[in-house]
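First comes the structure, then the notes that go with it.
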Amino acid sequence: MTAATTSAVPTAPLESLGILMRALKLPAFARYAQEIAQKAEREGWTFGQYLHHLAELEVHERRRKRIERFLKAADLPPDKTLATLTRARLPPKVAKMLPTLCEGSFVERGDNILAFGLPGRGKTHLVCAIGYELIQRGYRVLFTATFALVQRLLAAKRDLRLEKELAMLDAYDAVILDDIGYVQQSRDEMEVLFTFLAERYERRSVIITSNVVFSEWDRIFKDPMTTAAVIDRLVHHSVILEMTGTSVRADAAEQAKKEGATTTTETTTTTTRGKQSAKEIGGEI
């Protein structure tokens, strides 16, 4: 297009530009075009600066909406974030690794996270906090109780759509399987869970919490050969987090008990003082 031809093209009104931007699926361009045009005119921006600023707004808006979609699909517990995690309770080694795990490089490698510990040690909160941070960095995450995933896979197998279901789960960069130790597998349940783990091996990450150590996993998978195969695949590329210390729930209950006892003592003291004051007043009368 020549300069003469370009100059002959009439300047499109911003309303028409907005329609074109929406048609091109650039909603942020359409929403902010007029506002940014006014700012650009006031501050003497070049056309390139104006266009660059609109492009930045579009990228930011798309990232925000993508994170919103990922958060909704992840089904993570709303209260188990990094902000609500009490880091002082974490074992020193776990606390040291946490920032690196939140960055998500292990997801890029298809590595796994295995969090072990007795009930109440904060395993679920820890892995959920990591999951939230992964989503902020653009990764797709799914949180599910292990038994719920097993039932989902069994239903898919019965309906002859197990392959399709596994493909849908494969869209998630990391799947968090909570409480694998509570699942007592039948052969069918063991088979679908093994299939799921084998499908993700060295390609997609799994994040597992368990209160059962590896030596007792034959309780879960029944068959020794299958148990060994599962452990081998999970451990091959993995980070193992040992959650030690006291129970979060037990400590919270103890603290609540102490606070309740303190409140009761203070109330009793106040009541006693009130009775004494009343007696004194009555004596004076």
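The values are calculated or read from the model by the stated rules, or taken from the named source; none is laboratory data. Just so you know, these numbers come straight off a predicted model, no measurement behind them. Methodologically, a virtual Cβ is constructed for each residue, glycine included, from the backbone with ideal geometry; neighbour enumeration extends over all protein chains shown. For accessibility, only protein heavy atoms count, side chains too; no ligands or nucleic acids. Shrake-Rupley method; radii C 1.70, N 1.55, O 1.52, S 1.80 Å.
For the reader, a short list of remarks on this structure follows.
- Enumeration of residues in the stretch 51-83 that are of a type in the set (Val, Ile, Thr) and under 16 Å from the mean Cα position of the chain (by Cα): ILE67, THR81
- Taking each residue of the stretch 38-51 that is outside any helix (DSSP H, G or I) and looking for partners that are open to solvent by less than 100 Å² (accessible area, probe 1.4 Å) with beta-carbon atoms closer than 9 Å, six or more apart or interchain, yields TRP45/ILE36; TRP45/LYS39; TRP45/HIS53; THR46/ALA40.
- Which listed residue is more than 30 Å from GLY245 (Cβ to Cβ), in contact (Cβ under 8 Å) with a residue 60 or more places away in the chain, open to solvent by 50 Å² or more (accessible area, probe 1.4 Å) and assigned to a helix (DSSP H, G or I), from ARG66, ARG31, ARG62: ARG66
For (1) open to solvent by 30 Å² or more (accessible area, probe 1.4 Å); (2) of a type in the set (D, E, K, R); (3) closer than 24 Å to ALA198 by Cα; (4) at pLDDT 95 or above, each residue gets a yes or a no:
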position: LEU82; (1), (2), (3), (4): yes, no, no, yes
position: ALA95; (1), (2), (3), (4): yes, no, no, yes
position: LEU98; (1), (2), (3), (4): no, no, no, yes
position: ILE113; (1), (2), (3), (4): no, no, yes, yes
position: LYS123; (1), (2), (3), (4): no, yes, yes, yes
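- Residue selection: ARG204 fails the criterion of being open to solvent by 10 Å² or more (accessible area, probe 1.4 Å), out of contact with any helix residue (DSSP H, G or I) (no Cβ under 8 Å at 6 or more places or on another chain), charged (D, E, K, R) and farther than 27 Å from PHE70 by Cβ.
Yes/no per residue for (1) without any contact (Cβ under 8 Å) to a residue 24 or more places away in the chain; (2) closer than 30 Å to ALA95 by Cβ; (3) small (Gly, Ala, Ser); (4) touching a strand residue (DSSP E or B) at 6+ places or on another chain (Cβ under 8 Å):
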site	(1), (2), (3), (4)
GLY131	no, yes, yes, yes
LEU134	no, yes, no, yes
GLY138	no, yes, yes, no
LEU142	no, yes, no, yes
VAL150	no, no, no, no
ARG161	yes, no, no, no
LYS164	yes, no, no, no
MET168	yes, no, no, no
GLU189	no, no, no, no
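- When ARG140 is tested against (1) more than 21 Å from ALA198 (Cβ to Cβ); (2) open to solvent by 40 Å² or more (accessible area, probe 1.4 Å), just one condition goes unmet, and that condition is (1).
- Residue ID - modelled with the lowest pLDDT, chosen from residues in the stretch 159-193 that are part of a loop (DSSP other than H, G, I, E, B), within 19 Å of PHE143 (Cβ to Cβ) and not hydroxyl-bearing (Ser, Thr, Tyr): VAL183
- Candidates ALA88, ALA95, ALA115, ALA129 - the one that is part of a strand (DSSP E or B) and within 17 Å of LEU241 (Cα to Cα): ALA115
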